1. Let me confirm something: among 484, 489, 506, 495, which residue is under 31 Å from the mean Cα position of the chain (by Cα) and buried (at least 17 other Cβ atoms within 10 Å of the Cβ)?
2. Could you give me the residue pairs with C-beta distances under 9 Å whose first residue belongs to segment 640-659 and is on the phi > 0 side of the Ramachandran plot and at pLDDT 90 or above, whose second residue is crowded, with 17+ Cβ neighbours inside 10 Å and assigned to a loop (DSSP other than H, G, I, E, B) wherever it lies, and which are 6+ apart or on separate chains?
3. Among the listed residues 91, 84, 118, identify the single one that is closer than 30 Å to residue 157 by Cα, surrounded by 14 or more Cβ atoms within 10 Å (Cβ to Cβ) and either in contact with a helix residue (DSSP H, G or I) (Cβ under 9 Å, 6 or more places away or on another chain) or modelled with pLDDT of 75 or more (or both).
4. Within segment 513-521, identify whether any single residue is modelled with pLDDT of 95 or more and in a strand (DSSP E or B), and answer yes or no.
5. Could you count how many residues in segment 343-355 are under 34 Å from the mean Cα position of the chain (by Cα), more than 19 Å from residue 305 (Cβ to Cβ) and assigned to a loop (DSSP other than H, G, I, E, B)?
6. For residue 552, indicate whether it is at pLDDT below 90 and not assigned by TED's automatic domain parsing to the domain that holds residue 687.
7. May I ask you to list the residues in segment 264-277 that are over 23 Å from residue 231 (Cβ atoms) and buried (at least 20 other Cβ atoms within 10 Å of the Cβ)?
């Protein structure tokens with residue numbers, strides 16, 4: 001907000017803003033994304049209070065309620081100033097003392113106090129008496145009341161003769177503007193993003209220089225005709241426009257500053273006059289300056305002419321969604337600068353042919369992303385040689401009847417996603433075309449440096465294994481490629497991420513050479529999977545490793561400490577037979593989750609080496625009655641989580657006593673866990689959480705339980721989601 005800030009007599013609001021904008025305060029909040037949002041909210045709410053404070057001070061002498069409101073404001077502003085001073089002091093300590101960092105408890109305290117101040121400011125802003133205050137005029141040229149619960153603007157706002165910018169974004173309770181808003185002759189920008197008005201001022205269009213930024217509204221569409229719209233606009237329930245002339249009166253064709261337009265119809269309505277619906281859409285033709293267009297729920301059988309005659313030559317993004325009665329696609333190849341095209345849920349489209357390309361071999365010259373989704377009747381895609389020369393991402397999902405080939409010679413393709421296209425390969429075998437089934441993929445990937453390939457719910461799809469995929473960085477096969485029994489890792493030398501899921505016949509991964517790029521590997525629910533490479537999985541850059549639901553797997557990869565030196569995050573779940581092959585784990589492993597794999601947990605003893613790095617261990621569904629055994633856990637642990645162990649009766653002190661770095665212990669859903677070890681818990685623990693352990697919770701009851709003395713030293717404790725009262729505990 002420009003212009004001078006009005007000061008309270010008893011609190012210097014200007015000083016608060018100076019503190020908020022100081023390098024110290026901004027430095028503290030910067031990098032703490034969540035806290036930074038709170039800081040922005042504080043600034044906005046202080047502006048809201050400041051905007052009316054001058055009038056309130058003048059009225060307090062004659063109105064006791066106003067004086068009471070000002071007293072409350074003084075207290076809240078003092079609290080805000082005190083909070084900023086404490087943060088400032090904490091930062092000063094960090095400058096004086098090298099390496100000093102604000103503690104987590106201090107940060108939580110600051111956040112809690114900030115929320116209290118914001119709640120109090122909200123309460124002040126929403127009191128009924130505030131609506132009668134006049135907004136300070138002075139030389140204010142900008143006013144931002146965004147993200148507030150204001151229900152109506154006071155008519156006195158129209159006395160701000162110098163006001164040029166009015167921001168009312170995300171004011172969800174605001175439904176109309178003052179009828180005299182047109183008297184603000186200098187107003188040149190009105191922002192109403194995420195604010196849905198039900199009534200627009202009748203004479204607002206008389207302001208010759210005003211720019212209006214809005215993305216939704218709920219008033220008569222004719223009222224848009226006089227407005228100079230800028231940026232983005234979303235119009236819903238277009239089925240309610242019964243007169244095509246009303247759509248023509250909007251005059252979108254001449255709204256040259258409107259760059260993003262979203263048109264939406266309600267699919268649940270019963271509109272039998274499809275001819276009139278098409279006429280309405282024809283009359284909503286945007287200007288040639290439009291950049292992004294989205295249409296959702298249109299029920300006409302034909303798209304408007306302006307989508308096929310190059311009227312929207314500057315469009316770069318187009319989405320056609322749930323236009324369920326349309327029989328064919330427009331000639332979108334004419335859109336010279338189109339970069340992103342999404343076609344979703346066009347149920348009656350059966351064929352895409354040369355008309356789609358506007359009969360041009362150079363069609364879609366700028367297109368980078370192309371997506372077809374939920375095309376129930378689409379059977380044939382006639383591909384035109386030379387089209388899509390710059391396509392980088394191609395997605396085809398849930399097109400169950402699609403047969404034939406995908407586009408060939410797409411030299412810039414980086415991402416290919418195929419999901420639930422069951423006939424894409426089967427049809428080639430059925431009609432005995434010259435190409436074999438594997439050539440469906442080969443025709444796309446041959447000489448194509450694409451980087452991402454996803455095949456999902458395409459069991460008949462096959463990846464050729466007689467060539468090397470030098471450019472592929474990510475590969476995802478989910479419920480596909482039923483013919484795949486061995487995954488040849490050497491054919492994908494640059495692969496960084498590999499995900500294999502529900503490959504019903506996959507038995508093993510083969511490897512003869514070190515793989516120096518793989519960073520993430522996940523194998524899930526491949527029920528026939530039995531083994532990793534005989535000499536071990538050699539992936540020196542692998543950082544995350546997940547195996548889930550491999551019921552036949554009996555052994556982890558060999559020599560993990562030597563062959564997987566970079567591994568720092570490992571998750572093993574529902575692999576009941578798996579064990580460590582040579583009691584060897586990588587020394588850099590920092591986080592490990594072991595769920596429902598009791599044999600693997602039992603084989604951990606002696607696997608940590610002399611300098612383990614493991615900090616976090618998450619154990620679930622272990623069948624043991626006593627846990628952990630002596631020497632089972634590494635001394636480096638800082639967090640230990642034990643969940644869902646129905647047989648666990650006792651925690652073994654011999655397996656815990658050496659954990660001198662353990663800070664956090666969580667015990668959850670261990671219904672028959674009777675007590676903590678007689679000797680107590682490691683003194684290093686500062687946080688304890690106990691959930692759904694009824695017997696243990698009773699023994700740990702504050703001041704009364706038999707195990708209370710064993711945990712009284714712990715700073716933060718939570719039982720079944722409730723924090724133990726710290727003040728009360730300190731008295732014990």
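1. The unique qualifying residue is 495.
2. Correct list of pairs: 644/596; 644/621; 644/622; 644/670.
3. 118
4. There is at least one residue in segment 513-521 that is modelled with pLDDT of 95 or more and in a strand (DSSP E or B).
5. 3
6. Criteria not met by residue 552.
7. Correct list: 277 only.
Okay, residues lined up against (1) surrounded by 13 or more Cβ atoms within 10 Å (Cβ to Cβ); (2) part of a helix (DSSP H, G or I); (3) modelled with pLDDT of 75 or more:
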site: 45; (1), (2), (3): yes, yes, no
site: 54; (1), (2), (3): yes, yes, no
site: 79; (1), (2), (3): yes, yes, yes
site: 95; (1), (2), (3): no, yes, no
site: 106; (1), (2), (3): yes, yes, no
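The values are calculated or read from the model by the stated rules, or taken from the named source; none is laboratory data. Fair warning: this is a prediction, and the values are worked out from it, not measured in the lab. FYI the Cβ positions are ideal-geometry reconstructions off the backbone, even for glycines, and counts take in every protein chain you see.
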